[in-house]
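Chemist: Handing you this structure, nothing more for now.
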Amino acid sequence: MVPPDVDLFTFEGGRLVVDGTTVLDGVDARIPDEGLTAIVGPSGSGKSTLLRLCNRLEVPTGGRVRFRGDDLAEVDPLHLRRRVGMVFQRPTLFPGTVGDNLAVAEPGIPEEAAADALHRAGLDGSFLTRTADDLSGGEAQRACLARTLVTRPEVLLMDEPTSALDEESTRVLEHLGIDLADSGVPVLWVTHDPHQVDRIADRRLRMERGRVIEGGVGS
Ligand code: ADP
Ligand code: MG
């Protein structure tokens, strides 16, 4: 497959220093605008921080991050977060029903659109009226994915999304990630599990001590 001309994300000497601690130490990397990219590396190497730069939950203190060529420093963060969706390590739903949770992300969402987001997250429409507190861990994480999908993001960031899930729910979420990437929503997926990388990833970036040490540029 011919890679697209413009990267999904481009990191150009991305640095983040917080209170004198260097969290990211000059990240150079290009992430292609297709498929599922795994970000791997030991705990504390900067994987979550790298993802958080991609939707401006963090702003680099040096260097630059581009999203499809545009400098993120010049993109409105609230608009960006609708285009670049994120799913976190632990499913965190608000009190109320799953439908209430989707409506927080997209007020006034039509029922059909909500059901479609649920479907893309591997849940049927009956989950709309289910109480968030009563869901299993795997269902809750899929509901979080649905809540992210209601804004029709162009990209999905997933930060160790299966680390709190059992094996069966893990496999379900892995397939959802692969399907979303195949349907044209590129996915960045942080994991520390090499077997998971083998199962799901089209390519991998390896981080160590705040830098991308493998797979970053020209790959
Ligand atoms: P990973 O996701 O690979 O485990 P993180 O990106 O969460 O790594 O963090 C990388 C390192 O930077 C860790 O040592 C973490 O404690 C530190 N760190 C992350 N964010 C901050 C922050 N806002 N202030 C201080 N240290 C931070
Ligand atoms: Mg992390």
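Chemist: Report, for the chain, the % of DSSP beta bridges that are antiparallel, rounded to 5.
Modeler: 55
Chemist: Based on the mean of other beta carbon atoms within 10 Å per residue, what is the order of 156-166, 14-24, most packed first?
Modeler: Final packing ranking: 156-166, 14-24.
Chemist: Restricting things to alpha carbons, tell me how big the chain is in terms of Rg and Dmax, in Å.
Modeler: According to the Cα coordinates of the chain, Rg and Dmax are 17.0, 50 Å.
Chemist: According to the square roots a ≥ b ≥ c of the eigenvalues of the Cα gyration tensor, what is the shape class of segment 92-141, taking rounded for a/c under 1.5, prolate for a/b larger than b/c otherwise, and oblate for the remainder?
Modeler: Oblate, because a/c is 1.5 or more while a/b does not exceed b/c.
Chemist: Moving to a separate point now. Long-range amide H contacts for M207: which residues qualify at under 5 Å (H placed 1.01 Å from N, peptide plane, sequence gap of 5 or more or a different chain)?
Modeler: V40, G41, I213
Chemist: Apply the Karplus parameterisation 6.51 cos²θ - 1.76 cosθ + 1.60, with θ equal to phi minus 60°, to every residue of segment 140-154 and state each ³J(HN,Hα) to the nearest whole Hz, in sequence, with x for glycine and proline.
Modeler: So the J values, rounded to whole Hz, are 5, 5, 5, 5, 5, 4, 4, 4, 6, 6, 5, 8, 6, x, 8.
Chemist: Ok, one more. Could you tell me what % of all Cα pairs in segment 65-155 have separations over 20 Å?
Modeler: Beyond 20 Å sits 35 percent of the P(r) for segment 65-155.
Chemist: Could you compute the FRET efficiency for D198 and D124, with r as their C-beta to C-beta distance and R0 at 25 Å, rounded to 0.05?
Modeler: 0.25
Chemist: Sticking with this structure for a sec: What list of whole percents do you get for P(r) of segment 107-195, with Cα-Cα distances grouped in 5 Å bins up to the one holding the largest distance?
Modeler: 3, 13, 26, 26, 19, 10, 3, 1, 0
Chemist: Per DSSP H run of n ≥ 4, the term is -39500 (n - 2.57); total these for the chain, divide by its residue number, and report the mean residue ellipticity at 222 nm rounded to 500 deg cm²/dmol.
Modeler: When only DSSP H runs of four or more count, the value is -9000 deg cm²/dmol.
Throughout, read-outs are computed from the coordinates displayed, never taken from laboratory work. Source: prediction; values computed, not measured. Glycine gets a Cβ as well: all are built from the backbone with ideal geometry, and neighbour counts include every protein chain shown.
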